[in-house]
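First comes the structure, then the notes that go with it.
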């Protein structure tokens with residue numbers, strides 16, 4: 001088993017990475033817990049729910065399962081009320097613990113529910129998608145969506161543990177593997193050129209789900225994320241570079257309607273767009289732009305963006321990005337592969353990127 005430590009001002013916790021961790025979940029339940037709430041969706045509950053409940057039964061605690069509708073479009077306050085209805089109806093106290101069993105949507109919603117229930121209770125992340133394992137389950141960013149912006153309602157709330165069972169990747173659709181690999185290669189782009197090169201060399205094995213390669217990709221990704229979060233827990237500085245591709249990607253998700261593209265697919269395409277903008281703003285060599293495009297394509301993510309309703313809608317959606325300040329859009333850009341910055345960009349240059357990267361055949 002690999003263990004990655006996350007150390008933040010709000011608390012320290014382990015990330016356990018190994019096959020079979022679903023059967024060991026009781027080890028991460030705090031000894032003073034008074035109840036457990038397993039938050040999941042119907043698909044994951046059908047695959048792993050009974051196994052997880054059996055593992056947690058040794059805690060001898062009251063336990064409820066709340067199965068929420070699956071998909072980004074349901075990541076809302078209205079959906080989250082189903083969790084609060086159960087917890088308040090059972091009169092669960094501040095020592096109740098939420099177990100987030102699912103992908104990024106479930107992890108975000110469980111974390112936000114834990115952050116606000118009785119002003120904050122504990123939760124455990126049990127991510128079941130590659131994207132959640134390498135990114136969203138680590139670092140304590142929790143949120144729900146609003147029609148006017150993705151993840152605009154949320155809180156920073158760290159879990160007490162992250163339990164990554166690498167076996168669950170065997171049941172993922174290939175599209176989910178591709179989406180997760182987008183977040184993996186992001187770490188190389190923003191902070192470690194040798195890791196990006198490792199991804200280039202091993203992309204075929206990663207896409208084919210070679211267990212040793214995926215385990216190494218997860219371990220390294222969690223280490224990178226832990227390093228950044230430990231330095232900047234609440235995104236006041238360095239942590240913003242983790243959003244490479246997200247300014248464009250969130251606009252794609254919101255413009256198309258949540259759920260049309262997976263989050264990682266939008267981020268992958270957004271990283272190609274960010275690389276194109278980096279060439280224009282930071283002088284990133286065109287050869288490196290092509291490397292980004294080639295690797296995003298090799299993992300199976302889109303490299304051409306939808307037109308949406310033209311540049312005006314793109315700019316309107318990107319102004320809603322959390323990095324924006326006083327209505328000015330900020331982008332994560334690459335000075336070189338392995339070295340990212342946050343910068344503004346001339347709108348004319350962004351329009352050039354949209355012209356190059358948008359496919360007129362992809363419309364809302």
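Give the residue, chosen from 240, 217, that is assigned by TED's automatic domain parsing to the domain that holds residue 317 and touching a strand residue (DSSP E or B) at 6+ places or on another chain (Cβ under 7 Å). Steps first, answer last, please.
On the way: 217 fails: touching a strand residue (DSSP E or B) at 6+ places or on another chain (Cβ under 7 Å).
On inspection, the qualifying residue turns out to be 240.
Just give me the residues in the stretch 284-294 being assigned to a helix (DSSP H, G or I) and surrounded by fewer than 24 Cβ atoms within 10 Å (Cβ to Cβ), in sequence order.
Keep residues of the stretch 284-294 that are assigned to a helix (DSSP H, G or I), which gives 286-294.
Across the stretch 284-294, the qualifying residues are 286, 287, 288, 289, 290, 291, 293, 294.
Might you let me know whether the stretch 302-310 holds any residue that is surrounded by fewer than 20 Cβ atoms within 10 Å (Cβ to Cβ) and assigned to a helix (DSSP H, G or I)?
Within the stretch 302-310 (the criterion being surrounded by fewer than 20 Cβ atoms within 10 Å (Cβ to Cβ) and assigned to a helix (DSSP H, G or I)), the answer is no, since none of the residues qualifies.
Quick check on my filter: what residues within the stretch 341-364 are out of contact with any helix residue (DSSP H, G or I) (no Cβ under 8 Å at 6 or more places or on another chain), over 26 Å from residue 240 (Cβ atoms) and not in a helix (DSSP H, G or I)?
Hits for the stretch 341-364 are 359, 360, 361, 362, 363.
State whether one or more residues within the stretch 261-283 are within 21 Å of the chain's Cα centre (by Cα), closer than 27 Å to residue 129 by Cα and part of a loop (DSSP other than H, G, I, E, B). Spell out the reasoning first.
To start, the set of residues in the stretch 261-283 that are within 21 Å of the chain's Cα centre (by Cα) comprises 261-275.
Next, only the ones that are closer than 27 Å to residue 129 by Cα stay: 261-275.
So of that shortlist, the ones also part of a loop (DSSP other than H, G, I, E, B) come out as 261-262.
Yes, some residue in the stretch 261-283 is within 21 Å of the chain's Cα centre (by Cα), closer than 27 Å to residue 129 by Cα and part of a loop (DSSP other than H, G, I, E, B).
Count, please, the residues in the stretch 54-67 that happen to be under 22 Å from residue 169 (Cβ atoms) and crowded, with 18+ Cβ neighbours inside 10 Å.
Looking only at that region, the number is 3.
Is it the case that some residue within the stretch 96-116 is within 14 Å of residue 36 (Cα to Cα) and assigned to a loop (DSSP other than H, G, I, E, B)?
Scanning the stretch 96-116, I find no residue that is within 14 Å of residue 36 (Cα to Cα) and assigned to a loop (DSSP other than H, G, I, E, B), so the answer is no.
The values are calculated or read from the model by the stated rules, or taken from the named source; none is laboratory data. These numbers come from a predicted model, not from an experiment. Because the Cβ atoms are built from the backbone with ideal geometry, glycine has one as well, and the counts that use them run over all protein chains shown.
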